[in-house]
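Encoded as structure tokens, the structure appears first; notes follow it.
What follows is calculated from the coordinates using simple rules that are stated; it is not laboratory data. Model, not experiment: these values are computed from the prediction. Cβ coordinates were reconstructed from backbone atoms using ideal geometry, including for glycine residues, and neighbour counts include every protein chain displayed.
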Amino acid sequence: MHLLSVDSVSRDFDVSSPWLNRVLEREPRRILRAVDHVSFEISKGETLALVGESGCGKSTVARLIAGLYAPTEGHIAFSGRRLQMIFQDPYASLNPRWRVRKIIAEPMLFLEEQKPVEQFLLQVGLSADDAERYPHEFSGGQRQRISIARALAGEPDLLICDEPTSALDVSVQAQILNLMADLQDRLGLTYLFISHNLAVVSLIADRVGVMYLGRIVELAPASRLFSSPRHPYTRMLLDAVPDLAMSGKSRTPVAGEVPNPLAPPSGCSFHPRCRYATARCQVEVPRFSDGVACHAVEEGRLPT
Amino acid sequence: MILEVRGLSVQFPSRRGILTAVDDVSFSIAPGEVLGVVGESGAGKSMTGLAVIRLLEPPGRISAGEVRLEGRRIDNLRHEEMRRIRGRKIGVIFQDPLTSLNPLYTIGEQIEETILTHLPLSKSQAREHALSLLREVGIPAPEARYSNYPHHFSGGMRQRVVIALALAAEPRLLIADEPTTALDVSIQAQIIALLKRLAAERGAAVMLITHDMGVIAETAQRVAVMYAGRIVELGPVRDVIHSPRHPYTVGLMGSIPKLGVKQDRLLQIEGAMPRLTAIPQGCAFNPRCPRRFDRCLTDRPELLAAGASRAACWLHASP
């Protein structure tokens, strides 16, 4: 039994102009499909990461699971009792008028047992005195620790982390990533980790789903995905990561940009940027099977 | 040398006394060279760039040091003169392309205006020049895009337009402050390749300010690592990345997650960079430094020779 299973979930947003403009300018309704038939499962104690560039729908998936949006199609089944979310911006996600004590105690209002706030502060590496302070007295990294303490206070079965370190400096990011790994070891937490940073994902994830224009194009164990990526988009993303080791390996220059999601390309939505695209890719949407959605992989046309 | 900076300091008067945001910084950039300036937020890297082009927001001001562009001092020029040099000799690229582009003018008009202000060309020559710049930075079908407004372009394309604008007057020095930070990885790689090619082909000096060591590794020949307003390490990129000499650089490199390297935990520097109001005595890094000793608490280290690089750390003092 999986802790979470997402079954062919889609989500549309209506981005039409206001009614009067539509009538006067004879515009049709415009629907943006942010998430398109996405399926995956998460087991207890594992970390699944979703990666992709901006606009690929990864944050929308997080919000669908958290119940902040309702799916347009498909089902989400959660066999745990509670989930909590950690957001990217540690400045916007804490109420500036509340003391840290009240912020952390809030999720416990819904629990039978109220644990002391200090316990959670110590767990995330803050001190017990910090409970009486206000969010503005803390740095960005410390605020993200408060967000994590608040999430832990709700005793979640699943933690959804939406770009939790993207707004932080690298040395602070290292502190938060280490903290998240330690907490997982100690408390057996389950994470859904949303990020655009492949290096961060390679560090923290057990399995990785790569998203492009609302679809998952590849889903594989992290070790496999990073050592032998299959989908051309995954390969392109990995290739675009700056090479810190300065090995001087030659890189295929990446062509083009993510297309407008309001008018996604026909067939495989990656085909205009894909070196291996054929006529079939332009018309037929590839089926997701065996961890990847790509005609070229299915036909065995890709170099390894 | 195209750019030479000696002993540059920037101060801000505040209610809590005078704050020093940039403290005695010296470096130089040769023709065709890309110097990376790396550091975390508040390290003073952007402030150093703004001081060089004299765009500091008052009450911030240069309190000491000198800046020379092709041998000529520019830190004490009058504002009018500096304004001419800024467009003509120095091109600037900021993180958010929308702050550098006027939303009310087409991109063609904006580039053309810059060319006509600084170069002795006729209007039709300026248009030709603008089109060739747009072609050079990789805007497809520049004739068709010439009369488009900035909002017609995607983020990556806008940043290309800003680069074309910065290059319009054929500057000797290009200052790029986080030019790829707002962009997706695939676009980021395209912009890095472009900057690198332009520096090499035009022989301009590039000062690349970023928090991203990966971008520096791909682009720069030398790198200056900043911490709490000072340069703590300066050397060839390869040496700084593979054998960092300052304990802060060691910690910084260790805290970056790397692809293809199996690791369970990242190296962690405890604590955070000090605020400008509370810079510690001696070496500013000493409260976080795993290797500090008595001297670090009292004396502030200068840049000392350390391998192929220089590091501001007493570990490298000759006995």
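Points worth noting:
- Out-of-range pairs (alpha-carbon distance over 32 Å; input A:K44/A:K102; A:K44/B:K45; A:K58/B:K89; A:K115/B:K262; A:K44/B:K258): A:K44/B:K45; A:K58/B:K89; A:K115/B:K262
- Shape call, region A:15-103: gyration tensor on alpha carbons, a/c limit 1.5: oblate
- Cross-link reach is defined here as a Cα-Cα straight distance under 19 Å, omitting same-chain residues fewer than 8 places apart; for B:K123 the aspartates and glutamates meeting it are B:E109, B:E112, B:E113, B:E143, B:E170.
- The chymotrypsin sites (Phe, Trp or Tyr not before Pro) of region B:259-319 that DSSP puts in a loop, and whose beta carbon has at most 16 other beta carbons within 10 Å, are B:F293.
- Chymotrypsin sites (Phe, Trp or Tyr not before Pro) restricted to DSSP loop in region B:66-160 with at most 15 other C-beta within 10 Å: B:Y105
- Summed residue charge, Cβ within 14 Å of A:I194's Cβ, Lys/Arg positive, Asp/Glu negative: -1
- Modelled spin labels at B:S14 and A:A263, positioned 7 Å past Cα toward Cβ, are 5.0 nm from each other.
- Working from label points 7 Å from Cα in the Cα-to-Cβ sense, the B:R6 to B:S318 distance is 2.3 nm.
- Applying a DSSP loop filter and a limit of 15 other Cβ atoms within 10 Å to the trypsin sites (Lys or Arg not before Pro) in region B:1-59 leaves B:R15, B:R16.
- Inter-part distance where region A:40-112 and region A:219-240 are each reduced to a Cα centre, Å: 26 Å
- Summing +1 for each Lys or Arg and -1 for each Asp or Glu among the other residues whose beta-carbon sits under 10 angstrom from that of B:V185 gives -3.
- Amide N proximity, region B:73-117 versus B:H152 label position 7 Å along Cα-to-Cβ, cut-off under 15 Å: B:102-112
- Considering chain A, its Cα convex hull presents a mean projected area of 19.1 nm².
- Number of partner chain Cβ atoms within 10 Å, mean per residue of B:179-191: 5
- Rounded if a/c under 1.5, otherwise prolate or oblate - region B:3-83, Cα gyration tensor axes: oblate
- Based on Cα contacts under 8 Å between residues 6+ apart, chain B shows a relative contact order of 21 percent.
- Counting DSSP beta bridges with both ends in the protein assembly as shown, the antiparallel % (nearest 5): 60 percent
- DSSP bridge analysis restricted to region A:4-233 gives an antiparallel fraction near 55%, rounded to the nearest 5.
- Per-residue ellipticity at 222 nm, computed for the protein assembly as shown from helices alone with -39500 (n - 2.57) per DSSP H run of at least four residues, works out to -9000 deg cm²/dmol.
- With Cα atoms defining each centre, region B:128-187 and region A:259-304 are spaced 30 Å apart in the structure.
- Take each residue of peptide A:256-263, count the partner chain Cβ atoms within 10 Å of its Cβ, and average: the result is 3.
- Averaging the sequence gap over all C-alpha pairs within less than 8 Å and six or more residues apart, then dividing by the number of residues, gives chain A a relative contact order of 20 percent.
- Charge tally in the Cβ shell below 10 Å around A:S59, where Lys, Arg are +1 and Asp, Glu are -1, A:S59 excluded: 0
- Anisotropy class of the protein assembly as shown from Cα gyration tensor, a/c 1.5 cut: oblate
- Two-site FRET efficiency, A:L68 against B:R84, from Cβ-Cβ distance with R₀ of 51 Å, rounded to 0.05: 0.45
- With the simple model of a label 7 Å out from the Cα in the direction of the Cβ, A:R26 to B:R197 spans 4.4 nm.
- Residue separation of B:Q263 and B:D96 scaled by 0.36 nm, minus their Cα-Cα distance, works out to 56.7 nm of gained length.
- Inverse of mean 1/r across different Cα pairs in chain B, Kirkwood, Å: 20.7 Å
- Distance from region A:113-151 to region B:1-67 (C-alpha centre basis), Å: 36 Å
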